[in-house]
Ligand SMILES: C[S@@+](CC[C@H](N)C(=O)[O-])C[C@H]1O[C@@H](n2cnc3c(N)ncnc32)[C@H](O)[C@@H]1O
């Protein structure tokens, strides 16, 4: 079911000082937006923001950027980021299609992709956030030996993504088709929803060594 369009979402995000709206020309300057210089972790498709806000609470020595292209869901993330009022989390309303307009080379230490749309039809697979078209871009914005953590409920997307990461030269460090969750672990809105339904969560942790290029 489609979410009803919230006409107030864009104005509310625009007024939120923690949120950067479709930024351009900030490449290489994201560190300046935080109180401390420390590694930057980016979540692409952050949705309502639950996962990254909890990560920011738990891990003050990392700077977090939550990014999503849909104002409708992301307005909730914006409100959560504002409410926690932490020095180590900001948000970007922006599309992963434009990552190279937003980030500089090697600016990001880790990327999280949680429960992205599976796009099952062949003609739509290029839209998957783990498709090689996106992986090529992630390789540019990631630091040497940068990591990606990917979670999904979808078997086909998971198996295809293993192939995508391997084909693009990522080293698979953890591959789990039925990931456990700890009591205090940060999880996203969709992860809690699928877990409640008893759906197995598939998880990959991969690393990219730029010396191989
Ligand atoms: C199924 S939701 C998952 C949200 C959240 N990660 C979670 O696990 O609860 C997928 C999210 O990815 C976002 N998304 C899809 N394609 C995107 C893109 N190209 N750039 C940025 N966000 C995207 C959607 O707007 C949506 O909020």
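Name, by its number, the condition in (1) outside any strand (DSSP E or B); (2) more than 15 Å from residue 44 (Cβ to Cβ); (3) touching a strand residue (DSSP E or B) at 6+ places or on another chain (Cβ under 6 Å) that does not hold for residue 172.
(1) is the only condition that residue 172 fails.
With respect to residue 205, is the statement that it is more than 21 Å from residue 105 (Cβ to Cβ), within 13 Å of the ligand (Cβ to nearest atom) and either at pLDDT 95 or above or surrounded by 16 or more Cβ atoms within 10 Å (Cβ to Cβ) (or both) true?
no
Kindly provide the set of residues from the range 51-73 that are near the ligand (Cβ under 7 Å from one of its atoms) and either more than 21 Å from residue 130 (Cβ to Cβ) or surrounded by 16 or more Cβ atoms within 10 Å (Cβ to Cβ) (or both), ordered by number.
51, 67, 68, 69, 73
Residues that are touching a residue at least 60 places away in the same chain (Cβ under 8 Å): list the strands (runs of 3 or more DSSP E) wholly contained in the range 43-153 that include at least 1 such residues.
89-93, 108-114, 142-152
Pull up the range 18-42, narrow it to residues that are over 21 Å from residue 146 (Cα atoms), assigned to a loop (DSSP other than H, G, I, E, B) and touching a helix residue (DSSP H, G or I) at 6+ places or on another chain (Cβ under 9 Å), then point me to the one that is farthest from the ligand (Cβ to nearest atom).
25
So how many residues does the range 175-202 have that are part of a loop (DSSP other than H, G, I, E, B), within 16 Å of the ligand (Cβ to nearest atom) and farther than 23 Å from residue 127 by Cα?
The total comes to 8.
Looking at this structure, is residue 133 buried (at least 22 other Cβ atoms within 10 Å of the Cβ) and either away from the ligand (no atom under 15 Å from the Cβ) or under 18 Å from residue 168 (Cα atoms) (or both)?
In short, no.
Quick one: residue 162 ticks every box in (1) assigned to a helix (DSSP H, G or I); (2) free of Cβ contacts under 8 Å to residues at least 40 places away in the same chain; (3) more than 15 Å from the ligand (Cβ to nearest atom) except a single one, so which number is it?
(2)
Residue 110: within 18 Å of residue 149 (Cα to Cα) and either within 15 Å of the ligand (Cβ to nearest atom) or buried (at least 19 other Cβ atoms within 10 Å of the Cβ) (or both), yes or no?
yes
The values are calculated or read from the model by the stated rules, or taken from the named source; none is laboratory data. Note that this is a predicted model, so its numbers are computed, not measured. Cβ atoms come from the backbone with ideal geometry, glycine included; neighbour counts cover every protein chain shown.
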